[in-house]
Amino acid sequence: MHAKKLFKYTAALLLSAACASAFSQETKIKFQLDWRFEGPSALFLVAKSKGYFAQEKLDVIIDAGSGSGNAVNRVASGTYDMGFADMAALMEFTANNPSSPGKPMAVMMVYNDTPAAIFSLKKTGIKTPADLVGKKLGSPVFDAGRRGYPIFAKANGLDASKANWISMDPPLRETMLARGDVDAITGFYFTSLLNLNARGIKDSDINVMMFPDYGVKLYGNAIIANESLMKTNPEALKGFLRAFAKATRDVLANPEAAIKVLKERDGLIDEKLELRRLKLAISSAIATPHAKAEGYGQVFLPRLTLMASQVSDAYGTKTRVNPDKIWTAAYLPSKEALNVFGK
């Protein structure tokens, strides 16, 4: 009897230890960025570096990306659980693949205003949208600004069908503008501006038309999640967003420290350059008047509905974009946790 009791006691201890281990075990989440490790990616790296993900019992793997379209595809396929992608790219995928099993959705808005912009050199005389008529516009075919140009054109009384586009690979975009091969280019504000600077062109010699300043109310990048994660582990998703909101508050308060974290991940970055990129992203896309009015991480449904209609038309999607299929606020942290801007 004594041996049997001892066996049962030992078995119970082992079972209890196994349950405790399973409970404390971290949930692995594979996260896909939209682009390389640059200034804005510090938002995610800080959450990992400071242990905010770990506090939520998450083991988050953050990988560099190669464009929003690819990020959406990889999350939809299940290769990644979550990602960072342009809302227009998510809308296009969802409307063109209505029966996709992955069905990624946006769960937290980060770039409340699209950073898309049109750049030209002041010597070309391009100052307003009307000055683009008859000019050569350059951009990679998948660039968000180029894809959204019909929306920009309509908002400013231009005929988008008459635009003369020159296509090139991303590394050649700013070079071709600097050489005069094209008259204007589209690109993210904090990407193309710094790339032009790197080619010896000063800010004072560049004209920038930011989409939001010219009647375009598109949202930019959001955190997206795979349908499987949303259904099978909603608490992990909520924990990820809580950790990210906490990191965002830190990054906004001290961008310099955030770039030190970025440097730890990629020792080849130019800290001064990436600090400026991060600050430009904060001012033009993250801590904007729209974001402060709508609330960080959130969206204004009438605005999202308008964007869905505009993207449907501009991108020529197979089905109309349904806002209910691409956005959910169900996993967002509390309003207090989302108060990243302070008073």
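The values are calculated or read from the model by the stated rules, or taken from the named source; none is laboratory data. Computed from a predicted structure; not experimentally measured. All Cβ positions, even for glycine, are placed from backbone atoms using ideal geometry, and neighbour counts span all protein chains on display. Side chains included, ligands, DNA and RNA excluded: accessible areas come from the protein's heavy atoms. Shrake-Rupley method; radii C 1.70, N 1.55, O 1.52, S 1.80 Å.
Some observations on this one:
- Aspartates and glutamates whose Cα lies under 14 Å from that of LYS122, excluding same-chain neighbours fewer than 8 positions away: ASP131, ASP183, ASP203, ASP205
- Under the convention that each Lys and Arg Cβ holds +1 and each Asp and Glu Cβ holds -1, the size of the dipole of segment 273-343 around its Cα centre is about 140 debye.
- Point-to-point label distance, THR305-PHE341, nm (Cα→Cβ direction, 7 Å offset): 2.4 nm
- The helix-only estimate of mean residue ellipticity at 222 nm for the chain, built from DSSP H runs of length n ≥ 4 each weighted as -39500 (n - 2.57), is -13000 deg cm²/dmol after division by the residue total.
- Charge context of ARG74, other residues only, Cβ under 12 angstrom, K/R +1, D/E -1: -2
- Ignoring lysines fewer than eight residues from LYS48 along the same chain, the ones with Cα atoms less than 19 angstrom from its Cα are LYS28, LYS30, LYS57, LYS238, LYS246, LYS260, LYS263.
- Here the extension length gained between LYS135 and ASP203 equals 22.3 nm, from 0.36 nm per residue of separation less the Cα-Cα distance.
- For ASP270, the solvent-accessible surface with a 1.4 Å probe is about 80 Å², rounded to the nearest 10.
- Order of exposure, largest accessible area first, which applies to ASP113, ASP181, ASP313 with probe 1.4 Å: ASP313, ASP181, ASP113
- Principal-axis tilt of helix 2-24 within the chain, Cα atoms, nearest 10 degrees: 10 degrees
- Rounded to 10°, Cα long-axis angle of helix 255-265 versus longest principal axis of the chain: 70 degrees
- For THR27, the residues whose amide H sits under 5 Å from its own are LEU58, ASP59, ignoring neighbours fewer than 5 places away on the same chain, with H placed 1.01 Å from N.
- For ASP113, the residues whose amide H sits under 5 Å from its own are GLY220, ignoring neighbours fewer than 5 places away on the same chain, with H placed 1.01 Å from N.
- Residue-wise HN-Hα couplings along segment 34-39, as the Karplus relation 6.51 cos²θ - 1.76 cosθ + 1.60 with θ = phi - 60° gives them from phi, are 7, 8, 5, 6, 10, x Hz; Gly and Pro carry x.
- Computed Rg/Rh of segment 280-333, alpha carbon atoms with Kirkwood Rh: 1.04
- Segment 144-222: relative contact order as a whole-number percent, Cα under 8 Å and 6+ apart: 35 percent
- The magnitude of the dipole of segment 158-267, with charges of +1 and -1 set on the Cβ of Lys/Arg and Asp/Glu and taken from the Cα centre, is near 420 debye.
- Segment ASP266-ALA64, extension gain: residue separation times 0.36 nm, minus the distance between their alpha carbons: 71.7 nm
- On Cα atoms only, tilt of 87-96 relative to the major axis of the chain in degrees: 80 degrees
- Residues whose placed amide H lies under 5 Å from that of TRP327, excluding near-sequence neighbours: ALA106
- For LYS162, the lysines whose Cα comes closer than 17 Å to its Cα, not counting residues fewer than 8 places off in the same chain, are LYS135, LYS136, LYS154.
- In loop segments of segment 195-265 as defined by DSSP, the trypsin sites (Lys or Arg not before Pro) with at most 13 further C-beta atoms inside 10 Å of their C-beta are ARG199, LYS202.
- Placing unit charges on the Cβ atoms only, positive for Lys and Arg and negative for Asp and Glu, gives segment 63-151 a dipole magnitude near 520 debye about its Cα centre.
- Shape index of the chain: Rg/Rh, with Rg the Cα radius of gyration and Rh the Kirkwood radius from the inverse mean 1/r over Cα pairs, equals 1.06.
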